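First comes the structure, then the notes that go with it.
Here, each number is a calculation from the coordinates, and none is a lab measurement. Computed from a predicted model, the values in this text were never measured in an experiment. All Cβ positions, even for glycine, are placed from backbone atoms using ideal geometry, and neighbour counts span all protein chains on display.
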Amino acid sequence: MREFCSVLLLSSPYSVLTYSMPEDLPRQMWHVGGRVVVPLGKSFRVGILTDADVAEPEGCVCKDVLWPVDRAPFFSAGYLDFIRDLSIRQMDAAGKILARVLPAALRDLPLFKTREGLAVRLGDLAEGDARAGLARDWMAGRFAPHVCTRRPERLFSLITEPPWPVRPQATAQLDVLRYLDVHGVSSTKTLNAHFGKNVSQPLRVLLRKELIREVESHFEPDVVCAPAAATFSLTDEQQQAVEGFWELLTDRTPRSALLFGVTGSGKTAVYLELARRCLCLGKHVMLLAPEVGIALKLHRDVREALPEANVRLFHGYLSPSDRQRTFMELADQPAPGIVVGTRSSLFLPIEPGLVILDEEHDASFKQDEGLIYQARELAYGRITRSAGLLLMGSATPDVKVFHAARNGGIALKRLPNRVGEARLPVVTLVDLRVEPPEHGPFATSVRDALVAAVHAGEQVIILHNRRGYAPVLYCETCSEPVKCPHCQVSMTLHKRRELLLCHYCGHSLLFPLSCPGCKGNEFLPLGSGTERLEEFLRDDLPRDTKILRLDRDTSRRAGSMQDTLAAFARQEAQILVGTQMLSKGHHFPGVTLVVVVDGDLGLNLPDYRATERSFQMLVQVAGRAGRGEKNGRVLIQTRNPGHYCWQFVRENDYEGFFTREIALRQVMGYPPFVKLALVRVSLPFDQPDAELMNAFAGRIRAVCPAAGVRVLGPAPAPLAVLRGRKRFQCLLKADSWPAIRGVCAEMRKMLSGEKNVRISVDLDPMDML
Ligand SMILES: Nc1ncnc2c1ncn2[C@@H]1O[C@H](COP(=O)(O)OP(=O)(O)OP(=O)(O)O)[C@@H](O)[C@H]1O
Ligand SMILES: [Zn+2]
């Protein structure tokens, strides 16, 4: 009797199709969860065999599956189920989701080779005399696909900052240098695509001149481990947390839990002990951080604490070949190990018994572009299939998560004290209306504190959440700021790099320039970013003060972020200036003073989470002070000291903040009391929109009430133009996700025939701009 199976295509049209199983090939060649090659139209595709026992479809003739790619299942049934579930929730095809998360080489048609190295054409696999023999060879392991059809991409990084010792006539070299300067580590493929030609010649010259170097990844794991920290035993609080979580981990039902521990309370040690025990149980562990910088720190922590464990580092900046290798190795079911990484690790083909999200409140756990997802939900999806534990940890939990923990949906353990003798720092607000900034951006008392700390040989962290030299470059001739032609926002001046950059789309202009509007040449940089702050400090502080800066600009060269963090940890510098990158996760015992230049920066964004995010960042950065022997203090400059968040920041009172915030959310009708979705519609800048948007608005109004969905908008988005497209958005509120999904599906249908119009749906949005 003929047998039929389902195959999920990993390339367009991404559908699930029914094929017949070839009767002349042994049944043992096929594995549910393994990749297969199937014919489609006149070509071949790679798909995943998702079901080997389906009924014969009526009224159509099925083609045979051509040949397997994997000798064993690549994905477990649980993994495929997880992807299917995600596809329902994201309203996107499962094949498309997988195509987005699998390394390209694993979706490509493989090259089949005999053991002698002779290539076998796909057509020959379909028919021909060799087929039976090849099947025998396959079973005996003498015939296999060769996956690596692409040449591994080479990655390049700058070695030095501009200016570079290159003749002005050597334009090809300068172009490449500038590109790497703006975009950071880039591959040959991106470079060739950008310049529309092969750039291997200038690359060769630049390598020889030692102006660039080839790297494995943007962020290479530290080769040398710090000397193992003195071993310590867990405090009673830590021990109790471990035992509580361990009970949940071993009770054979999926669980989620929150470790709510103040900054410096030793949450990492709790994670590591649980990870160790989980490995002993024979289960995999995923330890995830919101940012690569913190993932690298955790990777080091794990290797120090568990030197015997099998540890892998995974994040979005690995080279394609590294990503591919990790997927292949893990699909091969290695002994239980630990994956340390960022959110995309959740798609690796292992069954984790324990998933830990460190700094769980962080917005970077949400992916906002392409495949939109929240790592917390994905992680829960993973551990439901393995009956494992999802452990979230933070000093400032997400308000939604803490609400669930309060109501018993999530188990809660606390670490209310810092480890050892360390105390939480004293936080003081500096009212800039009373004490205006007289030393660059600093009030006199703040500057005095800075100088005193430097004198005393202590370390200082200065947070300013804005990179670049000045956020606005104002033309004195036409009185207009220089704006990005694609986004209509002000371009940021990066003085040292001699660039103007759009922080939204990456568009860059060389500086100095003449005003794009009036050709004027006189400019005034307005406001200040981290670069200007650093410049001010160098001029203002004693000459021998060592200053480091950490932001996306100083992290463009491979390894530079780690170098900066390591140098500061070794106390080679006294001051570290930077953006929110330095606010969390790191442990610098020498820091006694933290200064926040503009505490109001994030408070007034048009987003219901603005206060929560600001509060979290301020408490986190304050938490970098006083982690060693000496007490810490924190000075926050503000012009708005009446805001309700300050009282809680000053007292490091998360729960007080939570109580206030959750009451507001209830009154205003925001999550967790309602489900929220943001629907974005965009169209090319020069395309008329009035008629379309009016009709769209009318139809939404007709659909929403019946579905029990309230709608705000459509209205122009706060960033009304981005990357050359006009943007509109509407906010949907309802009591249930299915109601929202129903309306979103309708909205997609409404716009499906419109030319050049794109629609995206963000469930539970993090970024409302
Ligand atoms: N039981 C212990 N005894 C001594 N030192 C400890 C103990 N537990 C943790 N530590 C040390 O305390 C320091 C702070 O711990 P850790 O970085 O884990 O804090 P955290 O809770 O993650 O803070 P944050 O939320 O600010 O990142 C680390 O250097 C760690 O080695
Ligand atoms: Zn732009």
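Could you give the length gained on full extension between Asn604 and Asp448, defined as 0.36 nm per residue of separation minus the Cα-Cα distance, in nm?
53.3 nm
Mind listing the long-range amide H neighbours of Ala144? Cut-off is under 5 Å, sequence gap 5 or more, other chains count too, H placed in the peptide plane at 1.01 Å from N.
Excluding prolines and chain starts, which carry no amide H, the hits are Lys113.
Where in segment 283-311 is the amide nitrogen less than 16 Å from a point lying 7 Å along the Cα-to-Cβ axis of Tyr317?
Taking a point 7 Å out along Cα→Cβ of Tyr317, the residues of segment 283-311 whose backbone N falls under 16 Å are 289-300.
Can you pull out the GluC sites (Glu not before Pro) in segment 635-672 whose DSSP state is coil and whose Cβ has at most 15 other Cβ atoms within 10 Å?
Within segment 635-672, the qualifying GluC sites (Glu not before Pro) (loop, at most 15 other Cβ atoms within 10 Å) are Glu651.
Loop-only trypsin sites (Lys or Arg not before Pro) in segment 154-207, please: DSSP not H, G, I, E or B, and at most 13 other Cβ atoms within 10 Å. Intermediate values should be presented prior to the final figure.
Values: sites: Arg154, Arg178, Lys189, Lys197, Arg204; in loops: Arg154, Lys197.
Counting only loop positions with at most 13 other Cβ atoms within 10 Å, the trypsin sites (Lys or Arg not before Pro) in segment 154-207 are Lys197.
Sorting Phe685, Phe615, Phe728, Phe245 on the 10 Å Cβ count, fewest up front, what's the list? Walk me through the intermediate numbers first.
On the way: Phe685 16, Phe615 28, Phe728 21, Phe245 24.
Listed from fewest to most nearby Cβ atoms, that is Phe685, Phe728, Phe245, Phe615.
At what distance in angstrom do the alpha carbon centres of segment 562-590 and segment 690-721 lie from each other?
The two parts, judged by their Cα centres, are 46 Å apart.
Report ³J(HN,Hα) in whole Hz for each residue of segment 702-716, in order, from the Karplus equation J = 6.51 cos²θ - 1.76 cosθ + 1.60 where θ = phi - 60°; Gly and Pro get x.
With the stated coefficients, segment 702-716 comes to 6, 8, 4, x, 4, 7, x, 10, 8, 10, 10, x, x, 9, x Hz.
What number, in percent, do you get for the relative contact order of segment 675-763 if the mean sequence gap of Cα pairs under 8 Å and at least 6 apart is divided by its residue count?
Numbers: 135 pairs, mean separation 41.5, N = 89.
After rounding, I find 47 percent.
Against the globular-protein guess of 2.2 N^0.38 Å, express the Cα radius of gyration of segment 483-634 as a ratio, rounded to two decimals.
1.19
What pairs in Lys400/Lys675; Lys96/Lys400; Lys63/Lys113; Lys483/Lys726 have C-alpha atoms more than 18 Å from each other?
Table pairs above 18 Å Cα-Cα are Lys96/Lys400; Lys63/Lys113.
I'd like the Karplus ³J(HN,Hα) series for segment 117-129: coefficients 6.51, -1.76, 1.60, θ = phi - 60°, whole numbers in Hz, and an x wherever there's a Gly or Pro.
x, 7, 6, 10, 6, 4, x, 6, 6, 5, 8, x, 6
Can you give the FRET efficiency for Arg71 and Glu153, using 1/(1 + (r/R0)^6), R0 = 22 Å, r = Cβ-Cβ distance, to the nearest 0.05?
With R0 = 22 Å, the Cβ-Cβ based efficiency is 0.25.
Using 20 Å bins from zero, what percent of all Cα-Cα pairs in the chain falls into each bin?
Result, from short to long distances: 14, 45, 35, 6, 0 percent.
Tell me, in nm to one decimal, what length is gained between Glu754 and Ala690 on full extension, where the rule is 0.36 nm per residue of separation less the Cα-Cα distance?
Contour length minus the Cα-Cα distance gives 21.7 nm.
Please give every one of the lysines within straight-line cross-link reach of Lys546, meaning a C-alpha to C-alpha distance under 25 Å, and leave out same-chain neighbours fewer than 8 residues apart.
Lys297, Lys495, Lys584, Lys630
Over segment 316-415, what lengths in whole Å, largest first, do the semi-axes of the equivalent ellipsoid take, defined as the square roots of 5 times the eigenvalues of the alpha-carbon gyration tensor?
Whole-Å semi-axes of the equivalent ellipsoid: 26, 16, 11.
Lys366's amide H: which non-local residues (gap 5+, or another chain) put their own amide H closer than 5 Å, with H modeled 1.01 Å from N in plane and none for Pro or chain starts?
Answer set, sorted by chain and number: Ala375.
So if each residue of separation counts as 0.36 nm, and I subtract the Cα-Cα distance between Asn521 and Glu438, what length gain in nm does that give? Numbers along the way, then the final one.
Values: separation 83, 0.36 × 83 = 29.88 nm, distance 2.91 nm.
Computed gain between Asn521 and Glu438 is 27.0 nm.
Please compute the contact order of the chain in relative form: average sequence separation of alpha-carbon pairs under 8 Å and at least six residues apart, divided by the residue count, as a percent.
Answer for the chain is 10 percent.
Please pull out the direction-averaged projected area of segment 236-413, using the convex hull of its alpha-carbon atoms, in nm² to one decimal place.
Here the figure is 9.7 nm², rounded to one decimal.
If you plug each phi of segment 161-168 into the Karplus form 6.51 cos²θ - 1.76 cosθ + 1.60 with θ = phi - 60°, what whole-Hz ³J(HN,Hα) values come out, in order, with x for Gly and Pro?
7, x, x, 9, x, 10, 4, x
Please compute the Kirkwood hydrodynamic radius of segment 675-763 from all pairs of different C-alpha atoms, in Å with one decimal.
Averaging 1/r across every pair of different Cα atoms and inverting gives 13.0 Å.
For segment 4-146, what is the Kirkwood hydrodynamic radius in Å, using each pair of distinct C-alpha atoms?
Kirkwood hydrodynamic radius for segment 4-146: 15.6 Å.
What are the residues whose amide H is under 5 Å from the amide H of Thr592, where those residues sit 5 or more places off or on another chain and H is modelled from the backbone?
Gln459, Gly626
Compute the normalised compactness of segment 656-705: alpha-carbon radius of gyration over 2.2 N^0.38 Å, N being the residue count.
The value comes to 1.76.
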